[in-house]
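In what follows, a single structure is set out as structure tokens and then discussed.
The numbers here are math on the coordinates, done by the rules we state, and not lab data. Everything quoted here is computed from the prediction, not taken from an experiment. Note: ideal-geometry Cβ built from the backbone for every residue, glycine included; neighbour counts use all protein chains shown.
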Amino acid sequence: MLNRKLEVAALTVVIGYFLVPFIFSEWRTNFFTIGLVVSAFAVPFVFLIGIPFSWLLQNKLTNPVLSLVLHGIVGGMISGLFGLFVVQGMGFLLFFMTGLIYAALFALLDYLLQKTPFYKKNSGLEAS
């Protein structure tokens, strides 16, 4: 399970690099710069908070929709609180939306990757 979570976290950061700049107002001029800056902040959150939280949720919940909602809420709140202390003004809202997108993307990719034939076939070999 940890290998899958690490793969999902890496995929989330790569896809988020291209997806998240769309929520910022000046994405037309600085698309790749915004993606790089947001990803630099997102990587520690995804790997240090997202993986353990996702592992905990997977052990407790079987409903993927509820898991997606809880991932989004926790991801949004943690990154939103970070935004309160780092950026003045609209920091909370932008960080909340970014965290929500990354957390929901993480949960969705984890669910999809879990349903692939490779992980179904090797599910007995993974360390829990």
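Odds and ends about this structure:
- Here each label is just a point 7 Å from Cα along the line to Cβ, and for residue 6 and residue 93 those points are 4.0 nm apart.
- Ordering of 32-41, 61-70, 104-113 by packing [mean C-beta count within 10 Å, highest first]: 104-113, 32-41, 61-70
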